[in-house]
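One structure below.
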Amino acid sequence: MKITLFGATGKTGIYLIQEGLKRGFEITVFARSNSQFEHPDVQIVRGDFTNQNLLREAIRDSDAVLSALGPANIPHPNGIPITKATDAIISAMKLEGLDRLVAISTGTAVDPDDGIDMKIWLPAQLIKFTMPKVYKDIVGMAKTIRASGLNWTMVRVALLKSIPASNRLNVGLYGHVKHNLKISREDVAKFMFDQILTSEFVNKAPGISTQ
Ligand SMILES: NC(=O)c1ccc[n+]([C@@H]2O[C@H](COP(=O)([O-])OP(=O)(O)OC[C@H]3O[C@@H](n4cnc5c(N)ncnc54)[C@H](OP(=O)(O)O)[C@@H]3O)[C@@H](O)[C@H]2O)c1
């Protein structure tokens, strides 16, 4: 199987690539044109998210797209770049006839069926009022994915840690399932790859955390 990864030049990307290679996937990573990203075992397509041809090239013949795109730098740039990049990925996927998208999101992008979980709600409010550009982009990306018409899954996380997988997860909507704040990036990568082979969370946005 072939998988295209976006946002895989960051910290979770390392685990996504490792997990995908372990499972025997052929991997293409889309990296920004100025990215220093290198990896001997993946194909790399470099470009801007405004370049539809390159996005299509990166996605072509893939079985699914996994995205770990998210705000990385403070201050976050104006103009909701993550939402626009996601929108461009979705357009390219449609043009290439690909409909499975698994993307990382957060509790800040509320699901309509979430209950109240103060651990998740309070940081979300903090982000909303202290980092409005980040908030707008996180919420915009989630809205764009929900409206995409694709078979999407948003994997919502709170606090990512670069520690080994626990393989013991809480999975489900905030306020309904008991969650912790932390989750290992390796657990996230495993859960995302698991979604490629199951429809359990298609068009759903479960929170995941370490038990
Ligand atoms: N860190 C946490 O505790 C936490 C909590 C909740 C949710 N999340 C979300 O989880 C995901 C993975 O986290 P992480 O720690 O692995 O993130 P990361 O290391 O910051 O990586 C973010 C990725 O998004 C890309 N990116 C950032 N800004 C961009 C822009 N303006 N245009 C295009 N690409 C851009 C980065 O590309 P470059 O390498 O080119 O910069 C990188 O590939 C992100 O979506 C993050 O928002 C993280």
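The values are calculated or read from the model by the stated rules, or taken from the named source; none is laboratory data. The shown structure was predicted, so the numbers you read here are calculated from the model rather than taken from an experiment. Cβ coordinates were reconstructed from backbone atoms using ideal geometry, including for glycine residues, and neighbour counts include every protein chain displayed. Keep in mind that these areas ignore ligands, DNA and RNA; they rest on the heavy atoms of the full protein, side chains included. Shrake-Rupley method; radii C 1.70, N 1.55, O 1.52, S 1.80 Å.
Report the extension gain between residue 113 and residue 176 in nm, rounded to one decimal, defined as 0.36 nm multiplied by the number of residues separating them, less their alpha carbon distance.
Here the answer is 21.8 nm.
Tabulate in residue order the Karplus-calculated ³J(HN,Hα) for region 78-87, using 6.51 cos²θ - 1.76 cosθ + 1.60 with θ = phi - 60°, rounded to whole Hz; enter x for Gly and Pro.
Per-residue couplings from phi come out as 5, x, 6, x, 6, 5, 5, 5, 5, 4 Hz.
Based on the mean of other beta carbon atoms within 10 Å per residue, what is the order of 81-91, 19-29, 44-54, most packed first?
The peptides rank, most packed first, as 81-91, 19-29, 44-54.
Near the amide H of residue 150, under 5 Å away, which other amide H atoms are found, from residues 5 or more places off or on another chain, if H is placed in the peptide plane?
The list, which skips near neighbours in sequence, is empty: none.
Explain nothing, just compute: Karplus ³J(HN,Hα) = 6.51 cos²θ - 1.76 cosθ + 1.60, θ = phi - 60°, for every residue of region 187-193 in order, whole Hz, x for Gly and Pro.
4, 4, 4, 4, 4, 5, 5
Using only Cα atoms, find the angle between the long axis of helix 118-130 and the longest principal axis of the chain, and express it within 0 to 90 degrees, rounded to the nearest 10.
Helix 118-130 sits at roughly 70 degrees to that axis.
Please state the relative contact order of the chain as a whole percent: Cα pairs under 8 Å, 6+ residues apart?
Normalised by residue count, the contact order of the chain is 21 percent.
Rolling a 1.4 Å sphere over the protein heavy atoms, what is the accessible area per residue of region 154-211, to the nearest Å²?
45 Å²
So with the 1.4 Å probe, I'd like the accessible area per residue for region 1-139, rounded to whole Å².
51 Å²
Could you check how much of the accessible area of region 2-210 is carbon and sulfur, as a whole percent, using a 1.4 Å probe?
53 percent
Quote the charge dipole size of region 2-210 about the Cα centre in Debye, to the nearest 20; the model charges only the Cβ of Lys and Arg (+1) and of Asp and Glu (-1).
500 debye
Which of 77, 35, 120 sits farthest toward the positive end of the charge dipole of region 1-153, with +1 on the Cβ of Lys and Arg and -1 on the Cβ of Asp and Glu?
77
Residue by residue, what Karplus-based ³J(HN,Hα) values in Hz, rounded to whole numbers, does region 89-98 have, using 6.51, -1.76 and 1.60 with θ = phi - 60° and x for Gly and Pro?
For region 89-98, the Karplus curve yields 4, 4, 4, 5, 4, 5, 5, 8, x, 10 Hz.
Which far-off residues, 5 or more places away or on another chain, put their amide H under 5 Å from the one on residue 105, with H placed in the peptide plane?
The list, which skips near neighbours in sequence, is 155, 156, 157.
Quick one: work out Rg over Rh on the C-alpha atoms of region 83-211, Rh as Kirkwood radius.
Reported Rg/Rh (Cα atoms, Kirkwood Rh): 0.96.
Which pairs, out of 11/178; 133/190; 22/119; 94/182; 2/178; 2/133, put more than 32 Å between their alpha-carbon atoms?
Beyond 32 Å between Cα atoms: 22/119; 94/182; 2/178; 2/133.
Going by amide H atoms built from the backbone, whose H comes under 5 Å of the H on residue 169, apart from near neighbours?
It is 211, by chain and number.
Which angle from 0 to 90°, rounded to the nearest 10, does the C-alpha axis of helix 11-22 make with the longest principal axis of the chain?
60 degrees
Determine the calculated [θ] at 222 nm for the chain from helices alone, applying -39500 (n - 2.57) to every DSSP H run no shorter than 4 residues and normalising by the residue count; nearest 500 deg cm²/dmol.
-11000 deg cm²/dmol
Once you place label points 7 Å from the Cα toward the Cβ at residue 126 and residue 23, how far apart are they in nm?
Here the answer is 3.2 nm between the modelled labels.
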